[in-house]
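First comes the structure, then the notes that go with it.
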Amino acid sequence: MFRGDSPVVLSAPHGGREFPEELRPYADPEEKIDLHTDLLLEEVAAECEARGLAASGVAALFARGVLDLNWGRERTRGVPELEELFDAYYRALHRMADAAVERHGFALVLDLHGYDDGGGSGGRHPFPPGTLVFGTRRGELVPGWLRPAYDAFRKSLQASGYTLCPAEGFNEYAPFVGGSVVDSFRGRRNVAAVMLEVPRGIRLNERKRRGLASAVAQALIDTVQFAQV
């Protein structure tokens, strides 16, 4: 977890690797994690800082098999230790967003996830391999006055050569419309909460991952500048 003085808040709830001994009775070691989303978060934050924008961020240290933070508090199954982990993650994230709104008037929450883009003509998803997939609950999590800034974010990534889904607007791919993390910001007038699904082919390739981190950082800077005009 780290705090910066900017409107940008980063989240990576599925990239953790730790299986705390006291939580092993509740864990599923076979549950897949979003490999290297934690590294992507760190690299985006570093690229932002190098460009003069200090982002805040929180990433799960424990593995997804211990607790899936993105699908609601019911996943804690009433286990006090898991409830504590769940609440701590969301509390930290919301405090960062609250601080950004208080200081800058708005917050941009970017929740980083990963999917398997397979091979061939797109694997099991209806878009080409390498596509960045956005989820905002079909626009519900982007306040009206921040939609031009969100469009600026997407256009900046497209200008860097990335293919996006949806190509424009909010006709989002049903399985990736946004989970519990971004949905927890529903109704927040000055917070845009966006889930970004990053394909495995980018996350696991160091050169491609760093290239995306650079592009995302620049897109966030462009977005902040656009929103502040």
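In debye to the nearest 20, how big a dipole does region 8-228 give about its Cα centre with +1 on each Lys and Arg Cβ and -1 on each Asp and Glu Cβ?
Details: 26 positive and 31 negative charges, 143 e Å.
I would put it at about 680 debye.
Just want to confirm a number: the relative contact order over the chain, from Cα pairs under 8 angstrom separated by 6+ residues, in percent.
Values: 445 pairs, mean separation 60.0, N = 229.
Here the relative contact order equals 26 percent.
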**Study point:** Pair Glu22, Val101: separation of 7 Å Cα→Cβ label points (nm)
**Key:** 3.3
**Study point:** Between region 1-80 and region 163-229, the Cα center-to-center distance that results, in Å
**Key:** 16
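Starting with the fewest neighbours, write out Ile221, Ile202, Ile33 ranked by other beta-carbon atoms found within 10 Å of each beta-carbon. Could you put the intermediate results ahead of the total?
Details: Ile221 20, Ile202 23, Ile33 17.
Going from sparsest to densest Cβ surroundings: Ile33, Ile221, Ile202.
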**Study point:** Helical contribution to [θ] at 222 nm, DSSP H n ≥ 4, -39,500 (n - 2.57), averaged over the chain, rounded to 500
**Key:** -11500 deg cm²/dmol
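Only the coordinates and a few stated rules stand behind these numbers; no lab work does. Computed from a predicted model, the values in this text were never measured in an experiment. Cβ: placed from backbone, ideal geometry, glycine included. Neighbour counts: every protein chain shown.
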